[in-house]
């Protein structure tokens with residue numbers, strides 16, 4: 001679902017240059033990424049390395065430029081760049097506390113994948129040193145790349161002038177009077193979305209490969225091609241993502257909200273399972289928990305608090321009309337997975 005949102009973003013960003021139906025760029029992006037992933041595993045690392053460098057440089061450049069514009073009180077078509085723009089258009093909560101809470105769904109979607117910090121612990125060379133460093137760096141990265149970027153954008157552009165169909169990064173450089181830079185930034189945010197989709201395609205295919213190797217999925221998923229790539233698993237992942245292209249064809253106006261909401265709900269479930277598993281672990285193996293060098297602070301009380309917060313998020317998603325449909329669609333997806341898994345287990349039992 002997350003990758004579907006990413007290819008949807010690619011289709012929307014292409015509108016900056018070409019007024020074509022957004023499903024076409026989404027489809028082409030999916031095909032190109034699939035071909036690149038089929039070539040070699042090394043290609044994935046190379047692509048992600050350069051995509052990451054481009055993203056970091058762009059965000060830092062935006063923040064630096066934004067701070068300069070704020071300091072010199074730069075005037076745009078929307079007014080003067082100022083910190084006062086944060087509260088000058090209806091206060092800090094122009095839509096009330098309800099509007100503030102309803103924004104949590106998109107905030108949750110932004111943290112999708114954070115659980116991979118724990119998943120990679122078993123493969124880290126020096127987990128006692130590297131895992132705490134990775135965890136402790138997350139708040140800094142959130143403050144810089146999310147809060148910092150949002151701060152300068154909202155100081156330059158009043159929130160009432162922002163268009164959800166256009167990248168605020170591009171809008172900032174356009175207002176400054178650097179149209180060429182706006183095109184470059186649009187390319188950067190497009191590659192950022194493509195990068196996220198590439199990561200989703202890679203991780204999903206490897207997960208299917210692992211399931212196939214362990215006998216929990218078709219054995220064909222465990223076969224490697226000539227380039228040491230699980231081709232069948234990758235093609236299956238691509239076909240699943242093709243559903244995002246179809247949604248972009250039939251529901252171009254609401255597809256992004258739909259898939260991000262479903263993705264947020266799915267990951268709330270994933271994180272909830274992790275929290276419950278941790279509670280059970282603390283209860284059944286207190287000896288191991290006491291000896292652990294990675295103790296969760298205030299556990300298990302913090303687990304219950306976070307679970308309650310997740311329930312609160314689901315209520316919020318159900319309150320908004322544009323996200324409510326995701327709350328009803330997601331259980332259907334879980335049901336399909338349960339039926340497929342049950343059929344697979346039954347087949348395994350029959351085979352002895």
Rounding to the nearest 10 and keeping the result within 0 to 90°, find how far the Cα-based axis of helix 255-284 lies from the longest principal axis of the chain. 50 degrees
Modelled FRET efficiency - R0 25 Å, residue 340 with residue 273, Cβ distances, 0.05 increments: 0.85
Choose one answer from 71, 108, 32: the residue with the largest mean-square fluctuation in a GNM of the chain with alpha-carbon springs under 10 Å. 71
Evaluate the distance, in nm, between pseudo-label points positioned 7 Å from the Cα of residue 75 and of residue 136 along their respective Cα→Cβ axes. 4.8 nm
Separation of the residue 226 and residue 321 label points, Cα + 7 Å toward Cβ, nm: 5.6 nm
With the cut-off at 1.5 for a/c, could you classify region 157-315 from its C-alpha gyration tensor as rounded, prolate or oblate? oblate
Compute the relative contact order of region 2-254 as a whole-number percentage, counting only Cα pairs closer than 8 Å that sit 6 or more residues apart in sequence. 36 percent
Residue separation times 0.36 nm, minus the C-alpha to C-alpha distance between residue 61 and residue 107: what's the value? 14.3 nm
Calculated FRET value between residue 216 and residue 163, using beta carbons and R₀ = 41 Å, to 0.05: 0.35
Express in nm, to one decimal, how much length is gained between residue 180 and residue 49 on full extension, taking 0.36 nm for each residue of separation and deducting their alpha carbon distance. 44.7 nm
May I ask you to derive the FRET efficiency for residue 129 and residue 280 from their Cβ-Cβ distance with R0 = 35 Å, giving the value to the nearest 0.05? 0.80
Each label point is 7 Å from the Cα along the Cα-to-Cβ direction; what then is the distance between the points at residue 88 and residue 308, in nm? 4.1 nm
Mean residue ellipticity (222 nm) of the chain, computed from DSSP H runs ≥ 4 via -39,500 (n - 2.57), nearest 500: -23500 deg cm²/dmol
Over the chain, with a Gaussian network built from C-alpha contacts below 10 Å, which listed residue (115, 128, 48) shows the highest mean-square fluctuation? 128
Taking only the alpha-carbon positions of the chain as identical scatterers, the Debye log10 I(q)/I(0) at q = 0.07, 0.14 Å⁻¹ comes out as -0.36, -1.46
So for region 158-238, averaging the separation of alpha carbon pairs under 8 Å that are six or more residues apart and normalising by length, what relative contact order in percent results? 19 percent
Inter-part distance where region 224-302 and region 153-173 are each reduced to a Cα centre, Å: 31 Å
Ranked by GNM mean-square fluctuation in the chain (Cα springs under 10 Å), the top entry among 139, 94, 158 is 139
Relative to the first principal axis of the alpha-carbon coordinates of the chain, what is the inclination of helix 301-319, with its axis defined by its Cα atoms, in degrees from 0 to 90 and to the nearest 10? 60 degrees
May I ask for the angle, rounded to the nearest 10°, between helix 179-213 and the longest principal axis of the chain, with both axes built from Cα atoms and the value confined to 0 to 90°? 10 degrees
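Each value in this text was obtained by applying a stated rule to the coordinates, not by laboratory testing. Everything numeric here is computed off the predicted structure, so don't read it as measured data. Heads up, the Cβs are rebuilt from the backbone with ideal geometry, glycines too, and the neighbour counts pull from every protein chain shown.
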